[in-house]
Amino acid sequence: DTGVSQNPRHKITKRGQNVTFRCDPISEHNRLYWYRQTLGQGPEFLTYFQNEAQLEKSRLLSDRFSAERPKGSFSTLEIQRTEQGDSAMYLCASSLTGTDSPLHFGNGTRLTVT
Amino acid sequence: AQRVTQPEKLLSVFKGAPVELKCNYSYSGSPELFWYVQYSRQRLQLLLRHISRESIKGFTADLNKGETSFHLKKPFAQEEDSAMYYCALRGAGGGNKLTFGTGTQLKVEL
């Protein structure tokens, strides 16, 4: 499968712990996006990268959230001091730069904070 | 601010019946609209976009700027159309950032 890959698929953690998710985009895609999806809602934009540069962050992304894409390939999303409200599906997507380029989504990482 | 509204959480139709999934948007400029679909146990994927003006799997959607709508239609529903459908908007400013609606679960019954 040469699509967008996300790990882990599921993560259960206790409140207050830190978690890190990884996303491997389609290899030739220079844009990478993180979205969050809670039950009954559509995906909500969190942040995106063009190559290694983080170009936009949503106000949904509190100070406890940080994303990196150090070499312009894979990306990590870290949540520090997790809260129960962080429980959600975290989706990664990638695309080419062109405005006609569709987003290709991964299967997501489901986070449960107990 | 941009917003996408999908008023129906669930739409149930019989096989062979027409389907219309509603989508309304709020955006001050000229948006680009998309429909994404998520079949059971599969990832979210693009179904169609308004600029392509194409029919995918028998589905079509027309952007109506006067009514700020982008409804998804299919004349004859098939069982394999059962899935979650999300309408999404991309505004000006680049980045390919999408704003999604809350989704409509389409169930096609035999």
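The values are calculated or read from the model by the stated rules, or taken from the named source; none is laboratory data. Because the structure is predicted, anything quoted here is derived from the model rather than measured. With ideal geometry, Cβ positions are generated from the backbone for all residues, glycine too; neighbour counts draw on all protein chains shown. When the accessible area is computed, the model is the full protein with side chains, heavy atoms only, and any ligands, DNA or RNA have been set aside. Shrake-Rupley method; radii C 1.70, N 1.55, O 1.52, S 1.80 Å.
Pairs, please: C-beta under 9 Å, at least 6 apart or cross-chain, first residue modelled with pLDDT under 95 and in region A:1-23, second loosely packed, with under 15 Cβ neighbours inside 10 Å and not acidic (Asp, Glu)?
Sorted first by the residue in region A:1-23, then by its partner, the pairs are A:Thr2/A:Ser27.
What number goes with the only condition from (1) β-branched (Val, Ile, Thr); (2) open to solvent by less than 20 Å² (accessible area, probe 1.4 Å); (3) over 22 Å from B:Gln42 (Cα atoms) that A:Val4 does not pass?
(3)
Report the residue count in region B:71-101 for those that are part of a loop (DSSP other than H, G, I, E, B), touching a Leu at 6+ places or on another chain (Cβ under 8 Å) and within 14 Å of another protein chain (Cβ to nearest Cβ).
Here the count works out to 3.
Hey, among the residues in region A:7-41 that are touching a Cys at 6+ places or on another chain (Cβ under 9 Å) and open to solvent by 40 Å² or more (accessible area, probe 1.4 Å), which one's farthest from the other protein chains (Cβ to nearest Cβ)?
Once the filter is applied, the top-ranked residue is A:Arg22.
Being facing another protein chain (nearest Cβ under 9 Å) and farther than 26 Å from B:Tyr85 by Cα is the filter; apply it to region A:42-55 and report the residue that is surrounded by the fewest Cβ atoms within 10 Å (Cβ to Cβ).
Among them, the one singled out is A:Leu55.
So which residues in region B:87-110 are open to solvent by 10 Å² or more (accessible area, probe 1.4 Å), out of contact with any Lys or Arg (no Cβ under 9 Å at 6 or more places or on another chain) and modelled with pLDDT of 95 or more, if there are any at all?
Residues satisfying the conditions are B:Phe100, B:Lys107.
Working only within region A:86-108, note down all residues that are more than 9 Å from chain B (Cβ to nearest Cβ), open to solvent by less than 10 Å² (accessible area, probe 1.4 Å) and within 18 Å of A:Val19 (Cα to Cα).
If the condition is that a residue be more than 9 Å from chain B (Cβ to nearest Cβ), open to solvent by less than 10 Å² (accessible area, probe 1.4 Å) and within 18 Å of A:Val19 (Cα to Cα), then A:Asp86, A:Ala88, A:Tyr90, A:Cys92 are the ones that fit.
What's the number of the only condition in (1) within 10 Å of B:Phe34 (Cα to Cα); (2) more than 14 Å from chain A (Cβ to nearest Cβ); (3) of a type in the set (Val, Ile, Thr) that B:Thr68 fails to meet?
In the conditions (1) within 10 Å of B:Phe34 (Cα to Cα); (2) more than 14 Å from chain A (Cβ to nearest Cβ); (3) of a type in the set (Val, Ile, Thr), B:Thr68 misses (1) alone.
Tell me, which residue of region A:56-85 that is hydrophobic (A, V, I, L, M, F, W, C) and surrounded by 14 or more Cβ atoms within 10 Å (Cβ to Cβ) is nearest to the chain's Cα centre (by Cα)? Working first, answer last.
Of region A:56-85, the ones hydrophobic (A, V, I, L, M, F, W, C) are A:60-61, A:65, A:67, A:74, A:77, A:79.
Subset that is surrounded by 14 or more Cβ atoms within 10 Å (Cβ to Cβ): A:61, A:65, A:67, A:74, A:77, A:79.
On the way: A:Leu61: 11, A:Phe65: 10, A:Ala67: 8, A:Phe74: 11, A:Leu77: 6, A:Ile79: 11 Å.
The extreme case among them is A:Leu77.
Determine whether region B:43-65 contains at least one residue that is away from every other protein chain (no Cβ under 13 Å), more than 12 Å from the chain's Cα centre (by Cα) and open to solvent by less than 50 Å² (accessible area, probe 1.4 Å).
So far as region B:43-65 goes, yes, one or more of its residues are away from every other protein chain (no Cβ under 13 Å), more than 12 Å from the chain's Cα centre (by Cα) and open to solvent by less than 50 Å² (accessible area, probe 1.4 Å).
Just the residues that are more than 11 Å from chain A (Cβ to nearest Cβ), open to solvent by 10 Å² or more (accessible area, probe 1.4 Å) and either outside any loop (DSSP other than H, G, I, E, B) or under 14 Å from B:Tyr85 (Cβ atoms) (or both), please, taken from region B:11-42.
B:Leu11, B:Ser12, B:Val13, B:Phe14, B:Glu20, B:Lys22, B:Asn24, B:Tyr25, B:Ser26, B:Tyr39, B:Ser40
Among the residues that make up region B:69-84, is at least one of them at pLDDT 95 or above, open to solvent by less than 30 Å² (accessible area, probe 1.4 Å) and of a type in the set (Asp, Glu)?
yes
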